[in-house]
Amino acid sequence: MAQQPDTRPTACLALADGTIFYGRGFGATGATEAELCFNTAMTGYQEIMTDPSYAGQIVTFTFPHIGNTGTTPEDDETGEPVAAGMVVKWDPTAPSNWRNVEELSPWLAKRGRIAIGGVDTRRLTRAIRQQGAPHVAISHDPEGNFDIEALVAKARAFAGLEGMDLAKDVTCAQSYKWDEMRWAWPEGYTRQEAPKHKVVAVDFGAKRNILRCLASAGCDVTVLPATATAEEVLSHNPDGVFLSNGPGDPAATGEYAVPMIKGVLEADLPVFGICLGHQMLALALGANTVKMNHGHHGANHPVKEHETGKVEITSMNHGFAVDAQTLPEGVEESHVSLFDGSNCGIRIKDRPVFSVQHHPEASPGPQDSFYLFERFAENMAARA
């Protein structure tokens, strides 16, 4: 008689409410806990896993074909994966892409990231939407031995992202220059050799493709750590200041970032913020931020710009949002989500200061919003 395949689960996802999902593990072995979110993007799983904004989170991918294009160092958004783990419907298949360098499972294993396949991700996503982003623990054991009570206890003990400053964990250790531009066929990545604007980018968890977009828009970019003061930022004599994306609670990071932003605003420089940078600019202007039920994570989010009425399909990754009802006099909402009406952008009237919640660098995602980098460059040119 032919030997039957071993069908025992080798991975387990435990929710804090006691719900258990079993599946097949790949990537690293072991166990970890985090907040669980879902991402609806159909491409770019490597960019998502290496996006610093996913610190403290495990990502459920609603698209089932994850891993089928492999991985390449060119697509890393930072040096190592930042997301704590991965949940998918189907096990990764052998990659089929001319850019592939390494299959997804060994790529994750070398970087200590746990993944589970064979999960009913539609059911899991529905639970996240209805109940909010849960705290979970994920475990991968090739022998299939799981201490369920201990995993549930780990999930329940997770502190959560509210009140958590994670920018310090993912920011750069020291300042550096950036001149690499966006990838283009057939050259790949090229260098900006004739920049027109000096920009200081404050790194709260900046993605490489955001820095590439700044370089492509004609910027000479100097990146500073998240803890940089206004004096340190202004000492570089920039034409403009960029506030990057990043993870965690903006109110927690704002304890040290908001005073810096206020100092930059007093210098009357053009300012552009994305994601966490957007939220902290709002805090510096006197508005509030709130934790969302399950956040926005995907590459298909419709956003409307009030001034033009134009609708952009955007890439998003955030679990907190600016409360538009708290925007002070002189600050107006510039963009809004057509999914749920949440704030997606602000600007100061009659000043070159603006920010957006979505990711105009589109990695992964559509490129509808790249004009925002050009708008930032135009603001700096107008003040030259």
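Which order do the peptides 30-41, 356-367 take when ranked by the mean count of other beta-carbon atoms within 10 Å per residue, highest first?
Details: 30-41: 22.0, 356-367: 24.0.
By packing density, highest mean first, the sequence is 356-367, 30-41.
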- request: State the extension gain, in nm to one decimal, for the chain segment bounded by Ala267 and Ile20, taking 0.36 nm per residue of separation less the distance between their alpha-carbons.
  value: 83.6 nm
statement: Under the Karplus relation with 6.51, -1.76 and 1.60 and θ = phi - 60°, whole-Hz ³J(HN,Hα) for segment 161-172, x at Gly and Pro, equal 8, 5, x, 9, 8, 9, 4, 4, 7, 10, 6, 6
q = 0.22 Å⁻¹, segment 85-146: log10 I(q)/I(0) [Debye, one scatterer per Cα]: -1.06
- line: With no solvent term and unit scatterers on the alpha-carbon positions of segment 227-384, Debye gives log₁₀ I(q)/I(0) at q = 0.10 Å⁻¹ of -0.32
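Could you state the accessible area per residue of segment 264-348 in Å², with a 1.4 Å probe and every protein chain left in place? Numbers along the way, then the final one.
Details: 2970 Å² over 85 residues.
Value for segment 264-348: 35 Å² per residue.
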- prompt: For segment 102-118, in order, what is each residue's ³J(HN,Hα) by Karplus, 6.51 cos²θ - 1.76 cosθ + 1.60 with θ = phi - 60°, in whole Hz (x at glycine and Pro)?
  reply: 8, 5, 5, 4, x, 4, 5, 4, 5, 10, x, 10, 8, 9, 9, x, x
task: Would you mind getting the accessible area per residue of segment 1-85, heavy atoms of the protein chains only, 1.4 Å probe, in Å²?
output: 38 Å²
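When you have a sec, figure out the Kirkwood radius of segment 192-284 from all distinct Cα pair distances and drop it here in Å to one decimal? Spell out each step's value before the answer.
Values: mean 1/r = 0.0774 Å⁻¹.
About 12.9 Å, per the Kirkwood formula over Cα pairs.
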- prompt: Given the Cα atoms of segment 298-353, and with Rh set as the inverse mean 1/r over their pairs in the Kirkwood sense, what is Rg to Rh to two decimals?
  reply: 0.97
- prompt: In segment 278-335, what GluC sites (Glu not before Pro) fall in a loop by DSSP, with at most 13 other Cβ atoms inside 10 Å?
  reply: Glu307, Glu329
query: Once phi is turned into θ = phi - 60°, what whole-Hz ³J(HN,Hα) does the Karplus curve with 6.51, -1.76 and 1.60 give for every residue of segment 337-349, x standing for Gly and Pro?
result: 6, 8, 6, 9, x, 6, 5, 10, x, 9, 8, 8, 4
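Which number comes out as Rg/Rh for segment 124-194 once both Rg and the Kirkwood Rh are worked out on C-alpha atoms?
1.22
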message: Please list, ordered by chain and number, the residues whose modelled amide H lies under 5 Å from the amide H of Asn39; skip anything fewer than 5 residues away on the same chain.
response: Thr60, Phe61, Thr62
- request: Would you mind getting the accessible area per residue of segment 162-263, heavy atoms of the protein chains only, 1.4 Å probe, in Å²?
  value: 43 Å²
- prompt: Computed from these coordinates, which is Rg/Rh (Cα atoms, Kirkwood Rh): (1) 1.05; (2) 0.96; (3) 0.99?
  reply: (3)
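In whole percent, and with a 1.4 Å probe on the protein chains, what portion of the accessible area of the chain is carbon and sulfur?
Numbers: 7590 of 16090 Å².
Here carbon and sulfur together make up 47 percent of the probe-accessible area.
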task: Could you tally up the Lys pairs in segment 257-384 with alpha carbons closer than 24 Å? Skip any pair fewer than 8 positions apart unless they're on separate chains.
output: 5
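Once fully extended, how much extra length lies between Asn237 and Thr308, figured as 0.36 nm per residue of separation less the alpha-carbon to alpha-carbon distance? Numbers along the way, then the final one.
Numbers: separation 71, 0.36 × 71 = 25.56 nm, distance 3.32 nm.
My answer for the length gained is 22.2 nm.
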message: Run the simple label-point estimate for Asp169 and Glu333 please: 7 Å along Cα→C-beta, distance reported in nm.
response: 3.2 nm
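The values are calculated or read from the model by the stated rules, or taken from the named source; none is laboratory data. Everything quoted here is computed from the prediction, not taken from an experiment. As a convention, Cβ positions derive from the backbone with ideal geometry for all residues, glycine included, and neighbour counts pool all protein chains shown. The protein model used for the area step is the full one, side chains on, heavy atoms only, and it has no ligands, DNA or RNA in it. Shrake-Rupley method; radii C 1.70, N 1.55, O 1.52, S 1.80 Å.
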